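Step one of this worksheet: look at the structure below.
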Amino acid sequence: MVIYNDSNKNLGNEADSGTQLEASEAVEFELNNFVNGYDAVKVIQQLIRSHEREIRRVCYDIHDGVAQTLIPVLHYLQIIENLPPERRHEYTNLILKARILVQQALGEARAVIEGLRLDDLGNLSLLDALQLELQRCKEEQGWAYEFEADEPDIPRDHQEKIYSILKEGLNNIRKHAAAKRVELHMKFLEDGSFEIVLRDWGIGIDPKKIKRNGKGGLGLIAMQERAQEIGATLELSSIKNQGTTIRLNLPVDKSE
């Protein structure tokens, strides 16, 4: 535990084949098997859906973040424009408010750009990548955090998906929770499954505000879909003014 404060196919060559015709037929047979077992159309459709989801997520982040922050800036500037000369002393306060909001909008825009980067681990381990992400949140958001984890003896692609899910979870906490404390625990359970629990002590989630088509916010939808891709289940629970908990459970086949 770490704590931080298809079998190969035997293609078999026919020894007495010897002719180009037989070789060509063998290649055609293998190619047909490959094509029949690989639904290219389905893969393309999945890629298109994934691309569309990312576009919707970016639009959602810009609408609820940058755009909403800039609306009062425009309002303040309109007030300044219409103030008579004798009220020039009021300019300073309004300009200060507008400047603060512009700085906030800039930070939100940078966060959206950061979210567009590939959520891969590169050369880092899952634990090291998460440690860096939590440390960044601490520096930028002032969070206190606890990170306790078993070494994740699971496939690398599963680790990539888990990293993406947790990054989205941390991003949601940053944007919506107003939290100062976060815990991330990752451990193997007695049944062999791998459980990840991300909890914050923020304001909780109002279901009326996050419902989108009866499925939840776009961030939560993306997390659910990534969990399904690796055969994991994802649950979210929240209590008003007591925070939110995201629980991810991944069955692990130790025979692999």
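The values are calculated or read from the model by the stated rules, or taken from the named source; none is laboratory data. Remember, it's a predicted structure, so these values are computed and weren't measured experimentally. Note that each Cβ is placed from the backbone with ideal geometry, even for glycine, and that neighbours are counted across all protein chains shown. To get the accessible areas, we keep the full protein, side chains included, count just its heavy atoms, and leave off ligands, DNA and RNA. Shrake-Rupley method; radii C 1.70, N 1.55, O 1.52, S 1.80 Å.
Here is how the numbers come out for the structure above:
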read-out: Verdict on E139 being modelled with pLDDT of 75 or more, within 20 Å of A222 (Cα to Cα) and in a helix (DSSP H, G or I); value: no
read-out: Identity of the residue in the range 175-191, part of a strand (DSSP E or B) and open to solvent by 70 Å² or more (accessible area, probe 1.4 Å), that ends up farthest from G219 (Cα to Cα); value: K187
read-out: Check on R156, at pLDDT below 85 and of a type in the set (K, R); value: no
read-out: Lone qualifier among L94, L118, L101 - being open to solvent by 90 Å² or more (accessible area, probe 1.4 Å) and either modelled with pLDDT under 65 or in contact with a helix residue (DSSP H, G or I) (Cβ under 8 Å, 6 or more places away or on another chain) (or both); value: L118
read-out: Filter pass, I62 being β-branched (V, I, T), under 30 Å from P155 (Cβ atoms) and modelled with pLDDT under 75; value: no
read-out: Residue that is farthest from G202 (Cα to Cα) [pool: residues in the range 226-240 that are within 14 Å of the chain's Cα centre (by Cα) and open to solvent by 50 Å² or more (accessible area, probe 1.4 Å)]; value: E229
read-out: Total residues in the range 199-222, condition in contact with a strand residue (DSSP E or B) (Cβ under 6 Å, 6 or more places away or on another chain) and at pLDDT below 90; value: 2
